[in-house]
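Taking it in order: structure first as structure tokens, then the write-up.
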Amino acid sequence: MRYSRTSAFRRLFRKLPGARQEAAERALLRLDEALRLGRPAPGLGLKELRHSLWEIRAGLLDRIVFFRSSDLIEFVVIGTHDEIKRFLRRLCPSEALLQSLLPKPGTLPIR
């Protein structure tokens with residue numbers, strides 16, 4: 001498995017206080033171990049947010065969001081729960097907005 005950090009992730013990571021940086025590094029090491037062993041790490045809170053977009057907890061305050069493909073994990077952003085929610089809203093429109101843009105059932109012409 002290869003790992004990469006986006007420039008945004010590196011910038012946000014550098015802004016964190018030392019203790020939060022250490023918690024994030026521990027979380028990244030635990031993620032690596034969980035992936036190598038093929039079993040979840042307790043307390044890591046690993047969950048899929050969207051297709052190939054995942055999140056882990058890095059201590060009590062921070063979350064780390066990453067893209068996962070077959071051979072690469074790219075760490076995208078790190079921040080508080082609220083910061084991650086804002087990032088996700090910018091990344092993809094809300095479900096309600098997507099539904100409003102789709103045609104209503106039965107309104108498409110059948111050919």
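I'm trying to understand the selection: among the residues of the stretch 11-51, which are of a type in the set (K, R) and either touching a residue at least 60 places away in the same chain (Cβ under 8 Å) or under 16 Å from E83 (Cβ atoms) (or both)?
As a first pass, look at the stretch 11-51 and keep what is of a type in the set (K, R): 11, 14-15, 20, 26, 30, 36, 39, 47, 50.
Residues satisfying the conditions are R11, R14, K15, R20.
Could you tell me whether R63 is more than 17 Å from R5 (Cβ to Cβ), modelled with pLDDT of 95 or more and either under 13 Å from the mean Cα position of the chain (by Cα) or in a loop (DSSP other than H, G, I, E, B) (or both)? Outline the logic, then answer.
Working: more than 17 Å from R5 (Cβ to Cβ): no; modelled with pLDDT of 95 or more: yes; either under 13 Å from the mean Cα position of the chain (by Cα) or in a loop (DSSP other than H, G, I, E, B) (or both): yes.
Judged against the criteria, R63 is not a match.
Please specify each residue of the stretch 32-54 satisfying the condition of being assigned to a strand (DSSP E or B) and over 20 Å from D71 (Cβ atoms).
Listed by number, the residues that qualify are K47, L49.
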Response to the item:
Pairs returned, first residue in the stretch 56-68 that is of a type in the set (G, A, S), second residue that is modelled with pLDDT of 95 or more, beta-carbon separation under 6 angstrom, 6 or more apart or interchain, are A58/A23; A58/A24; A58/A27; A58/I64; G59/A23
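The values are calculated or read from the model by the stated rules, or taken from the named source; none is laboratory data. Please read all numbers here as calculations on a predicted model, not as lab measurements. With ideal geometry, Cβ positions are generated from the backbone for all residues, glycine too; neighbour counts draw on all protein chains shown.
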